[in-house]
Amino acid sequence: MLPYLDKIMQEFRSCFSKQAAFHWFVIVVLGLMLRSDALGVSSIVRDLALHPRSYETLIHFFRSSAWTLDALRVTWLRVVRKTAPLMTVHDRVVLVGDGMKQAKEGRRMPGVKKMHQESENVSKGEYIFGHLFGAVGVLAGISAKWFCLPLFMNLQDGVKTIWNWKTAAESETRSDSHVVQMIEQGFAAAKVLGSALFLLDRYFLSVPALTRWKQAQAASGIRLDLVTKAKINATAYEFPEAKKQGRGRPPKKGAKIKLKELFQTHADSFQMAEVMLYGKQETLSYLCLNLLWGQKLYQPLRFVLVRRGEQLSILVSTDLTLAATEIIELYGYRFKIECTFREMKQVIGAFGYRFWSKSMPKLNRYQRKSDTPLIEQVKNEQDQKRIRQTLEAIEGFVMCSCIATGLLQLIALTFSTRTSGLFWRYLRTPSRTIVSEATVVVYLRKMIFRLFAQYPSLSITEIIRSKQDEPRNDADSLAS
């Protein structure tokens, strides 16, 4: 297992201009994979038995100029393409995208803004202050167990002003909306992984998203099709007649259709089918139609109206050749990214960062929408640079957490049938095939120093040991 990790880690060496920065990257990722708590960088120092002086250096690593986030993302995509057993449908990988809101109370933390939460969980507040991330993952595994392997996450709201401080030569701006940025991230992943199907929830079915999808499809030549969901009150249009009668320009659309009414008016046209949903064989009925959608856009889409007991759903695909049952089964896998969010929060502690800057204006929680944002009042270049570095540190920490989560999933897929020790952990309903990320974390936490002793010549072992605190031989040390 440790040689497997060491081989993957060596793939990232080219991302770092300095060897020391690469060594700290290895320490950060491995520390995130096995730490016993989510109390910031301190937990990495404790669980890897690092020298106490490592704390300041670890903090500095995330603001270091010896590496860039873009290089790290591209390298991770290449590692996933080469290493992970990816799910393919018609020779296309399956990407999953979604937004994730993380509550943050930092008054001088960049990107924090007031957000509305739509949730039926009474433990969640209707409004929170925090960060909005856009995440893209890819489905990987075997038929018995599929993971949504995280590829990258970035802040997509509340940071437009900060990123606009950069010059065009340094980086692109993020002035687009959350849904448009998600489409761009899907194409960025498909550029490395190849043609793809992109699973999104109903929030992302919008005219701006489809417009950006058409533009990127034409400009890049990459085939990326969307599979998403429509609101139950959505309307669509029939295709116009092939030949127009009379004078004037030909119509762009036909008759208007309220999709919800089709469940009643076309009930006799629904077909029965058995599909695999959420790991179980389900019997449901569906109606498949190709229609136009979007005011002034009129994009041809495949609509699949699904009746599952009392539950009614309308699924959508930009690929008009996908079978209705394939669209239904594919959308059922979209929930895998929610499972990944849970593991990143509860197991990895991926969002336990605490980066802030004195140069950041103090957050005013009672600021009105009509007021000028305080961040726009920052004009000093040094202050702008410090705030930008803090924002990059946040995204860098989350990117390292994505890599750590993905490595845990790859270990589970590769070693579940070869390492009996992975199944020692008591679970009321244990997995019979592939273990979870949490089980791998517990195993690594228990065995990591034994693995270091077993493979002393590996690079990863030498890196960790070079940063560890040397044991003392005094009486106090022996007594403790």
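The values are calculated or read from the model by the stated rules, or taken from the named source; none is laboratory data. Just so we're clear, the structure is a prediction, and the values are computed from it rather than from any experiment. Heads up, the Cβs are rebuilt from the backbone with ideal geometry, glycines too, and the neighbour counts pull from every protein chain shown.
Looking across the range 77-94, not a single residue is in contact with a strand residue (DSSP E or B) (Cβ under 7 Å, 6 or more places away or on another chain) and more than 27 Å from residue 319 (Cα to Cα). Exactly one residue out of 337, 387 is at pLDDT 90 or above, within 16 Å of residue 112 (Cα to Cα) and crowded, with 21+ Cβ neighbours inside 10 Å, and it is 387. Total residues in the range 60-100 satisfying the condition of being within 19 Å of residue 356 (Cβ to Cβ) and either without any contact (Cβ under 8 Å) to a residue 24 or more places away in the chain or charged (D, E, K, R) (or both): the figure is 2. Each residue in the range 212-264 was checked for being exposed (fewer than 11 other Cβ atoms within 10 Å of the Cβ), in contact with a strand residue (DSSP E or B) (Cβ under 8 Å, 6 or more places away or on another chain) and more than 17 Å from residue 313 (Cα to Cα), and 2 of them qualify. In this structure, is residue 210 in a helix (DSSP H, G or I) and touching a residue at least 12 places away in the same chain (Cβ under 8 Å)? Criteria met by residue 210. Would you point out which residue out of 443, 426, 366 is more than 23 Å from residue 103 (Cα to Cα), exposed (fewer than 15 other Cβ atoms within 10 Å of the Cβ) and either among the hydroxyl-bearing types (Ser, Thr, Tyr) or modelled with pLDDT of 90 or more (or both)? Result: 426 is the single residue among 443, 426, 366 that is more than 23 Å from residue 103 (Cα to Cα), exposed (fewer than 15 other Cβ atoms within 10 Å of the Cβ) and either among the hydroxyl-bearing types (Ser, Thr, Tyr) or modelled with pLDDT of 90 or more (or both). Restricting attention to the range 182-209 and to residues that are farther than 18 Å from residue 76 by Cβ and surrounded by fewer than 21 Cβ atoms within 10 Å (Cβ to Cβ), the residue that is nearest to the chain's Cα centre (by Cα) turns out to be 201.
Taken over the range 300-342, the criterion of being touching a Pro at 6+ places or on another chain (Cβ under 7 Å) and under 30 Å from residue 408 (Cβ atoms) is satisfied by 340 alone. For residue 354, the criteria (1) in contact (Cβ under 8 Å) with a residue 12 or more places away in the chain; (2) surrounded by fewer than 16 Cβ atoms within 10 Å (Cβ to Cβ); (3) out of contact with any Gly (no Cβ under 9 Å at 6 or more places or on another chain) hold in every case but one, which is (3). Residues in the range 237-256 include none that are closer than 30 Å to residue 187 by Cα, of a type in the set (A, V, I, L, M) and not in a strand (DSSP E or B).
Only one residue in 229, 256 is within 23 Å of the chain's Cα centre (by Cα), basic (Lys, Arg) and in the same structural domain as residue 95 (by TED's automatic domain parsing), so which one is that?
On the way: 256 fails: within 23 Å of the chain's Cα centre (by Cα).
The match here is 229.
Say whether the condition of being in the same structural domain as residue 195 (by TED's automatic domain parsing), under 27 Å from the mean Cα position of the chain (by Cα), closer than 19 Å to residue 234 by Cβ and free of Cβ contacts under 8 Å to residues at least 60 places away in the same chain is met by at least one residue in the range 275-284.
Of the range 275-284, the ones in the same structural domain as residue 195 (by TED's automatic domain parsing) are 275-284.
From what is left, the residues that are under 27 Å from the mean Cα position of the chain (by Cα) are 275-280.
Among the residues that remain, those that are also closer than 19 Å to residue 234 by Cβ are: none.
No, the range 275-284 contains no residue that is in the same structural domain as residue 195 (by TED's automatic domain parsing), under 27 Å from the mean Cα position of the chain (by Cα), closer than 19 Å to residue 234 by Cβ and free of Cβ contacts under 8 Å to residues at least 60 places away in the same chain.
Between 376, 343, the distinction of being assigned to a helix (DSSP H, G or I) and touching an Asp or Glu at 6+ places or on another chain (Cβ under 6 Å) belongs to 343 only. On the given criteria, is residue 321 in the same structural domain as residue 201 (by TED's automatic domain parsing), hydroxyl-bearing (Ser, Thr, Tyr) and under 26 Å from the mean Cα position of the chain (by Cα)? Criteria not met by residue 321. Here residue 392 meets the list (1) over 19 Å from the mean Cα position of the chain (by Cα); (2) surrounded by 13 or more Cβ atoms within 10 Å (Cβ to Cβ) almost entirely, failing just condition (1).
Does residue 195 count as small (Gly, Ala, Ser) and free of Cβ contacts under 8 Å to residues at least 40 places away in the same chain? Considered against the rule, which asks whether it is small (Gly, Ala, Ser) and free of Cβ contacts under 8 Å to residues at least 40 places away in the same chain, residue 195 comes out as no. Candidates 123, 119: the one that is under 28 Å from residue 227 (Cβ atoms), out of contact with any strand residue (DSSP E or B) (no Cβ under 8 Å at 6 or more places or on another chain) and among the polar types (S, T, N, Q) is 119.
Name the residue that is modelled with the lowest pLDDT, counting only residues in the range 104-132 that are of a type in the set (A, V, I, L, M, F, W, C) and outside any strand (DSSP E or B). Let's see the steps before the verdict.
Filtering the range 104-132 for residues of a type in the set (A, V, I, L, M, F, W, C) gives 109, 112, 115, 122, 128-129, 132.
Then keep just the ones that are outside any strand (DSSP E or B); that gives 109, 112, 122.
Numbers: 109: 90, 112: 90, 122: 70.
In this case the residue turns out to be 122.
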